[in-house]
Amino acid sequence: MPTIKKTKVEYEGRVEEREVIVEEEYIEPWGADAELTVVGRPTPRVDGVPRVTGRARYTHDARWPDLLVGRFLRSPHPHARLVRIDSRRAEAMPGVWLVWHRDQPPPVERFEGRPLFTEELPYEGAEVAFLVAENERIAEDALAAIEVEYEELAFAHDLDDAMAEDAPPTLLDDESNLVDPEGDTYERGSVEQGLQDADVVVDLTFTTPRAAHCCLETHGSVARWEGDHLTVWHSTQGINRCKGSLADALDMPMDEIRVICEYVGGGFGSKFAAENYTVLAALASKATQHPVSALLDRREEHLVGGYRPSSRQRVRLGAKRDGTLTLIEHEAWIGTGAYGESGPIVGGPAKDLYASPNARTATWTVRANTDAHRAFRAPGYVEGTFALEGAMDALAEELDMDPLDLRLKNYTEQSPSRDTPYTDKRLREAYEIGAERMGWRSREERRATSGVWKRGWGMATQIWGGGGGPPAKAIVKLESDGTAEVLLGVQDLGTGTKTVLAQVAAEELGLPLDRVRVVIGDTQGTPYGPGSGGSVTLASTTPAVRNAVHDALRQLFGIAAYMLDMPDEAPDQFYTEQGEIVYRPDPTKRISFVQVAAKVGNYMFVGTGARGPNPDDAAINTFGAHFAEVEVNTRTGQVRVNKVVAVHDIGRVVNPLTATSQVIGGVNMALGYVLMEERVFNARTGLQLTANLEDYRLVTIADAPVVDVAFVDVADIQANSVGSKGLGEPPIIPLAAAVANAVADAIGVRITALPITPDRVLNALRAEREEQ
Amino acid sequence: MAIKPFAHGNAVTVAEAVEALSASCRPLAGGTDLLAMMKADLTAPESLVNLKTIPELHEIGVVPDAETTKGLRIGAMVTLSQLAAHPAVQGRQELGRGSLTRSSMAVLHQAILRTASPQLRHMATLGGNLLQEPRCWYYRNELIPCWRKGGRLCYAYRGENKRHVILGGGPCYAVHPSDPAVALLAMDASLRIVGPAGERTMSLAEFYHPPDRETRTVTHLAIDELITEIRVPAPQAGTRGVYVKVAERAAWDFALAAVAIQAVMEGDTIRSCRVALGGVATIPWRASQVEEVLMGQASSPAPLSTAVIDRAVEAVVEDIRPLEHNGYKADLLQGVLREALDQLR
């Protein structure tokens, strides 16, 4: 009988209590020493071939001969009032189907609490009109024919000028550019006590830039209305959330909406719900009775596709002479955009990474005239770790301690902010493996003291959630030929979700991998699954798959018992092995799936399963450590990252191959953040200067370091029945800090502003020289 | 953004192409810059005349030059990849007596390999590379009416200018983007230019001029002229070259600063040299004062000592006028010059 239970789920640093329906029987977790044959083996992606041969269909590939193209007219000012708009000329152009704007609104006028077209346009790229035409060329010519008069308003373009005493309001009706003047605060013990007890105090301020997601596939939707039924192809991390938000926006029954996203070309946190372009494409499809696309181009992607917010962070650490922390204090200001809500949990690492009796975090979010920030791979933790771990290194230097020893000195076995034990924490092992592989303890022997290129080493620690939790459901269908189909309402963000789902199903079914097909990326026919965010997908869905398989097998075992002439044997007296059902007390008694299926004719065994609750009173977290070796050219300011050792503790590694590539990808994405990525605005005009992939620099393969990836790889059997936790975000978290610490070690001066570009290195070296 | 409609025609001869050229009909070489400019709506020619179909512009070869030496003639449509693969550029084919060393053409070879990305080098031509529009983020932004595009104001001058000019700036402060042009300036290359009035030859040093109140362009190429050939004189015996470039990214990035040196060495003494700078001026910049230091007194040539290098490094920043955010380029340029001279030694 289903029952309701409360459980805690951590999502991007926030712990939520959820009520869940518990409907499954208790299923034994795979123990740390379980003999698994598919799970834990390096497994190429089940959809790797279509991905690399171009056969995978993305949202941008959804096209038909009668497809109409929707395009936006966007504000060319950082802050303006729409005085007048006249689209008559555009509408008269051949091939133009419709134009919607403030004075000519679409049938649904509001979305997410705001009109789709507003009079106040508080950032460059704000939507002024949506136009649908036969093709892109006609659409662009017609957009150019729309007459618009703007009244330009005062603007603030980033954290500093939005926080200034006389800063203009980002939104005319707002009294303050602070999202919430109270801020988001946390405190244990007291700052005064922490300072009093300290022998040494360090106090540093760090700044980080706005960083763009740069999804290879830009944001977009394609909508096709047939009768009362709406199908939307949406480049998304959350097909179910998209369906829900569309039903809300369009006031439609959920069963009339189907959302498809079999493949997504990157999301990184920026693609969850339906967006204004999704709603407008759907409305336009209904109005024109044609499929309609609304796909952003690269420039629009930079203007309105979101970014990791900028930050200014002050970190104050107090410690005893022996390195014992007495205080961790973290204050942060987060730079979002005009409609931005409170920023991410930048203080998360400060709260939880180290034992300290006294800790305080306080974060304020500040609006400026840009688009709003969006979640970006480990929101807050990338920024917060850079600052905290930079300050820890400064403290280690002050105490003349090895940076790793300082971290070990303040190691915590309990979650400091939740005051509970962890289900499992193997950070110590991660430190050991990383230090060993980097040769951390013998690094001084390899230091180049002469020469232009100075070598340095740095390390940093990662904490993140990734435990996942309910709700997540799965359906397993056992076909009569001994193959299986597994259905989930999730999507593969590129992390290899589809592959690990197939592995776990195959393992539990006792079937080879190629007999299992996974269907995801479509809300039609699949049960509810979570969005791919917060590194929760694997830990939320794979236990549901085990439960679904378990449910199907129980039915199968009943028939098998009958066929093996032991009709009264309980299902748990059987297990599966390579497509056969085996009687546990006497393994010579066995019968194949196919034989059972043949016996029962066309019968199909269908199992359903749900994710159970998380354990009570325990924190589920992932941990890791990155070690970096860099060389810095003291003449030119160039930073070269030679090698990164990345060690993560995520419980059991289901697929070492995709896990390794996840880490390599995360390290290289973080490398861009620490060395070159920055969204730059012109102070005079408030316009973005980096709205392209030339001025917004992502790393190339020529910049990539050697990445040595390792996992502690011990099942966390308290966490869930698979023993695994998420890895989507952990690899991007500690790298910036590790590299920045290594740069400081190499040149003897700490750069506290990202990105660490040659100008910053040379200016820091000059300042150092002039001081001496 | 979709490209605006335009007419496209293939030219088979240079004369045919030149005939077609006008303000509204532009030559299409590799298209890596022009088509991107058109897509961004920064330029909108009514028609393009395709130069790929002119066989002679693809030729590259060692041809007789002066009596005793040979030069390299590079058709303007030779791609950067083709040029980098040519035996003469790789130092495997003799261009002049005693010049058969890997280092005699190294400055050009290195500059090409540090240009853009392999994909772009497969498409981009040498002629087109010399005529690139600036990559300045104000110039390239369709919403910003900067001076270079016909506006009244240089937005870089008091704006976000860390990538901009420190030498000879104003009224425009956008750096010239080419790497090969800097190397070719150091090599004393010249250009064959064909127009309605016939052909002329011009040294690369004369070809570029900083923009001024009257002209918003940086070359002496008329609207109806084509570069047909780039001529590199044969290196003298003992020639060694080096190209050092620093950018924020290891590949597919423009120089923050670059130094090209082509020197005739006798042992460790520089007999003569040409030094050119990239990433610091509106045009490839000849650093004559550095050359003077390096060549020393003609009467008493001295080896390339640390003291000489120090003086050269002093000299390279003599005339700089940094903007608010590009003061570091002085240190950087000095650092790049030191790297280059170290490699030359």
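A few points about this structure:
- Counting only other chain Cβ atoms within 10 Å of each residue's Cβ, the peptide B:156-162 averages 3.
- The residue list B:Cys172, A:Ala129, A:Ala375 was ranked by how far each Cα lies along the charge dipole of the protein assembly as shown toward its positive end, using unit charges on Cβ atoms, and B:Cys172 comes out on top.
- Spin-label pair A:Tyr603/A:Glu152, simplified geometry with 7 Å Cα→Cβ offset, distance in nm: 7.7 nm
- Under 16 Å from the Cα of A:Lys351 - aspartates and glutamates, other chains or at least 8 residues apart: A:Glu10, A:Glu12, A:Asp184, A:Glu187, A:Glu329, A:Glu331, A:Glu383, A:Glu389, A:Glu413, A:Asp419
- Ellipticity estimate at 222 nm from DSSP helix runs (n ≥ 4, -39,500 (n - 2.57)) divided over the protein assembly as shown, nearest 500: -7500 deg cm²/dmol
- If you count Lys pairs in chain B whose Cα atoms are under 20 Å apart, skipping same-chain pairs closer than 8 places in sequence, the total is 6.
- Contact order normalised by residue count of segment B:94-253, Cα under 8 Å, 6+ apart, percent: 35 percent
- Coarse-grained scattering of segment A:525-583 at q = 0.17, 0.24, 0.30, 0.31 Å⁻¹, given as base-10 log I(q)/I(0) from a Debye sum over alpha-carbon atoms: -0.65, -0.91, -1.21, -1.26
- Under 13 Å from a label point set 7 Å out along the Cα-to-Cβ vector of A:Glu479, the amide N atoms of segment A:601-630 belong to A:604-605.
- Between segment A:343-419 and segment B:1-23, the Cα center-to-center distance that results, in Å: 59 Å
- Counting Cβ atoms of other protein chains within 10 Å of each residue's Cβ and taking the mean over peptide A:628-641 gives 3.
- For the pair B:Thr201 and A:Ala144, label points projected 7 Å from Cα toward Cβ lie 4.4 nm apart.
- Cα centroid separation - segment A:693-772 against segment A:439-483, whole Å: 12 Å
- Multiplying the residue separation of A:Glu771 and A:Arg428 by 0.36 nm and subtracting their alpha-carbon distance yields 119.5 nm.
- Ordering B:254-265, A:3-14 by mean Cβ neighbour count within 10 Å, with the highest value first, yields B:254-265, A:3-14.
- Packing-based ranking of A:142-155, A:356-369 yields A:356-369, A:142-155, ordered from highest to lowest mean Cβ neighbour count within 10 Å.
- Bridgeable lysines around A:Lys5 (alpha carbons under 19 Å apart, same-chain partners fewer than 8 residues away excluded): A:Lys473.
- Positive-end ranking of A:Tyr583, A:Ala610, A:Ala570 along the dipole of segment A:562-642, with charges on Cβ about the Cα centre, is headed by A:Ala610.
- FRET efficiency for A:Thr288 and A:Glu694, using Cβ-Cβ distance with R0 set to 35 Å, rounded to 0.05: 0.45
- Loop-located trypsin sites (Lys or Arg not before Pro) in segment A:297-346 whose Cβ has at most 16 other Cβ within 10 Å (DSSP): A:Lys320, A:Arg321
- Chain B: DSSP helices with Cα axial extent of at least 20 Å and average Kyte-Doolittle hydropathy no lower than -1.0: B:328-344
- Environment charge of B:Gln289, counting only residues whose C-beta is closer than 9 Å and scoring Lys/Arg +1, Asp/Glu -1: -4
- Leading residue at positive end of dipole, the protein assembly as shown (Cβ point charges), from A:Ala319, B:Asn10, A:Gln104: B:Asn10
- For the protein assembly as shown, the convex hull spanned by the alpha carbon atoms encloses 199 Å³ per residue.
- Estimated from the Cβ-Cβ distance and a Förster radius of 30 angstrom, the FRET efficiency linking B:Met123 and A:Glu120 is about 0.10.
- 12 Å reach of a label modelled at A:Glu28, 7 Å along Cα-to-Cβ, counting backbone N of segment A:629-656: none
- Mean partner shielding of peptide A:677-683, defined as the number of other chain Cβ atoms within 10 Å of each residue Cβ, is 3.
- Short-range pairs are left out: with C-alpha atoms under 8 Å and at least six residues apart, the relative contact order of chain A is 17 percent.
- Taking N as the residue count of chain B, its C-alpha radius of gyration divided by 2.2 N^0.38 Å amounts to 0.98.
- A:Leu388, A:Leu250, A:Leu280 arranged by Cβ crowding within 10 Å, fewest neighbours leading: A:Leu250, A:Leu280, A:Leu388
- Euclidean distance between Cα centres, segment A:173-250 to segment A:502-578, Å: 35 Å
- Net charge over other residues, Cβ less than 13 angstrom from the Cβ of A:Leu689 (K, R count +1; D, E count -1): +2
A short reminder: the numbers here are calculations on the coordinates, not readings from a lab. This one's a predicted model, so the numbers in the text were calculated from it and none came from an experiment. Quick reminder, even Gly has a Cβ in these numbers, built from the backbone with ideal geometry, and neighbours come from all protein chains shown.
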